[in-house]
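Structure first, then comments.
The values are calculated or read from the model by the stated rules, or taken from the named source; none is laboratory data. Computed from a predicted model, the values in this text were never measured in an experiment. Here the Cβ is made from the backbone with ideal geometry for all residues, glycine too, and neighbour counts use every protein chain on show. Only protein heavy atoms, including side chains, enter the accessible area calculation; ligands, DNA and RNA are left aside. Shrake-Rupley method; radii C 1.70, N 1.55, O 1.52, S 1.80 Å.
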Amino acid sequence: IDEKGFLSSKDLKKIFEMGISIGSHSHNHIDMRTLKKEEFIADWVKSKSNLEKLLKTEISSCSIPFGKYYDWQLIELTKIGFKCIFTSDNYELKITENIKTISRIPVDSRFYMFEFFFLKLFNVKYLKFRFNIAKTLKRWI
């Protein structure tokens, strides 16, 4: 936040005020599998607390950079206070041991906007999937 190539605090607040859900994507955006437990926890706590201080709201969702993780890291993320975790796993919604993980949509240079909207947003199966997540979380994401 507030660094070249990233959103400004002002823009992030505007987006949040428009009703867009804001979640954490870690503080340093590195492969979480390279971190020791203490480093992992410190990175996510810093990200979560910075966002909560800026937006004056609880941040309860996160998306793991690169989508890959170790199982123990999911448990630590819930201890930090995340209720919904986005990953790059090959399932849509998984709830185990009170941990909700959701497979996220990859958006990168491989996608043209038309393909993204057509294949993801207007796909009936995908819309049903999003609706089921919304019912589970009791809000649209």
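Computed quantities for the displayed model
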{"quantity": "Enumeration of residues in segment 31-56 that are part of a loop (DSSP other than H, G, I, E, B) and either hydroxyl-bearing (S, T, Y) or free of Cβ contacts under 8 Å to residues at least 12 places away in the same chain (or both)", "calculated": "L35, K36, K56"}
{"quantity": "N28 vs. criteria in a loop (DSSP other than H, G, I, E, B), modelled with pLDDT of 80 or more and open to solvent by 70 Å² or more (accessible area, probe 1.4 Å)", "calculated": "yes"}
{"quantity": "Residue in segment 59-69 that is touching a residue at least 40 places away in the same chain (Cβ under 8 Å), within 15 Å of the chain's Cα centre (by Cα) and over 23 Å from K135 (Cα atoms) present", "calculated": "yes"}
{"quantity": "Subset tally (residues that are in a loop (DSSP other than H, G, I, E, B) and either over 14 Å from S47 (Cβ atoms) or modelled with pLDDT of 90 or more (or both)) for segment 3-19", "calculated": "5"}
{"quantity": "Conditions (1) crowded, with 17+ Cβ neighbours inside 10 Å; (2) out of contact with any His (no Cβ under 7 Å at 6 or more places or on another chain); (3) within 21 Å of T101 (Cα to Cα); (4) at pLDDT 90 or above; number of the one not met by D43", "calculated": "(2)"}
